[in-house]
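See structure below.
All of the numbers you see were taken from the coordinates with simple rules; none came from a lab. A quick note: this is a predicted structure, and the numbers were derived from the prediction, not measured. Here Cβ is always computed from backbone atoms with ideal geometry, including for glycine, and neighbour counts include all displayed protein chains.
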Amino acid sequence: MNQVDPVTMWTIIVGLAVGSYTLRFVFIGFVGDRPMPPWLLRHLRYTAVAILPALIAPLVVWPSATAGQPDAPRMAAAAVALTVGLVTKNVLAAIFTGAATLYGLLYLLG
Amino acid sequence: MAFTTSKSYFWKGFRDGTPFIFVAIPFGTLFGVFATEAGLNIVQTMAFTATVFAGAAQFAALQLLQENTPTAIILVSALAVNLRMAMYSASLTPYLGAAPMWQRAIAAYLTVDQSYACSIVQFEKEPDLTIPQRMAYFFGSVAPITPLWILATYMGAVLGTRIPESWALDFALPITFLAMIGPMMRTLPHVVAAMVAIVVSLLTVAIPYNLGLLIAGCAGMMAGAQAELMMERRKANA
């Protein structure tokens, strides 16, 4: 198991805790009943749906476990997890079918 | 309907929020396992899960940590994942903004996907609710998942120390994220935002410090907002 430098780790934990709380508090606490500009709400709506795929896409195409070589079981598992999520709208079903694909193919091809 | 007191609204919220325990328990357990695999000790894992209290951002931070990303980039990226909480906060403000400050301060901590989803539906359906009734419903809707999320993380962290390295857990985290992305594709602008973010993230992968992630995230966000505007204009012209 790799070790994380404790100072780095606690900086991340405290920073995220304070930052996340601030994001949640800023409107309900400070803004109160005043209306919000529509352009701001419009951008906020698409942040999660942009940042999560951007985080994942390079990992799927160049997985770290295979030293950056595209890898059939990982690609297939990614495709299954994404497709099942799109079709069923069920996160857990997508995780389990994706994991089953990964381990099934690693077993068959390994 | 005899839901007149705040107490009965708490229990109504509790019932509406209960199905989410089937999400919170497995997710909490997964986070505990991944955090342990990433090298966090049990105190760090528990502090993380209890104070940040937002699954997707926690998973994102872990993934970037394993890629040796600079701390500042980890913080900005994980907080970007949590920007939707600011949107929830903004959207709940017209309904809860008049409550006492101490209640709003607690409500802010408990603003998560599940409590927001339950509450906004309920508040729009019954616009005549009083502020105490709304607050009671909101707190009720997160009451089932909060303790179970923390407990499940603890179980996962204990379990994580016993999982052998040969289990290919490197890819369990990407699978978890991909599984979350599917159900987010509710409208065409959501799909546009995700597609643009994916393309830009692949093009910018050579930029150091994982800065490409932030560039791709911004590009996707702006693309989604523009797509929404274009669709609205088209609807107005039709």
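A few notes on this one:
- Ordering A:Trp10, B:Trp149, A:Trp39 from the fewest to the most neighbouring beta carbons within 10 Å gives A:Trp39, A:Trp10, B:Trp149.
- Considering only the Cα atoms of the stretch A:36-109, their convex hull presents on average a projected area of 6.2 nm².
- Per-pair calculated FRET efficiency, R0 = 25 Å: B:Val205 and A:Thr8 via Cβ, rounded to 0.05: 0.60
- Computed Kirkwood radius, in angstrom, where 1/r is averaged over Cα pairs of the stretch B:185-238: 11.6
- Residues A:Ala79 and B:Glu124, FRET efficiency given R0 of 41 Å [Cβ-Cβ distance, rounded to 0.05]: 0.65
- Averaged over B:25-32, number of beta-carbon atoms from partner chains that fall within 10 Å: 1
- Between the residues B:Ala90, A:Pro63, B:Leu211, the greatest Cα displacement towards the positive end of the dipole of the protein assembly as shown, with unit charges on the Cβ of Lys, Arg, Asp and Glu, is found for B:Ala90.
- Share of pairwise Cα separations in the protein assembly as shown, more than 40 Å, in percent: 12
- Separation of the B:Leu188 and B:Leu159 label points, Cα + 7 Å toward Cβ, nm: 4.2
- FRET efficiency for B:Phe22 and B:Ala50, using Cβ-Cβ distance with R0 set to 22 Å, rounded to 0.05: 0.60
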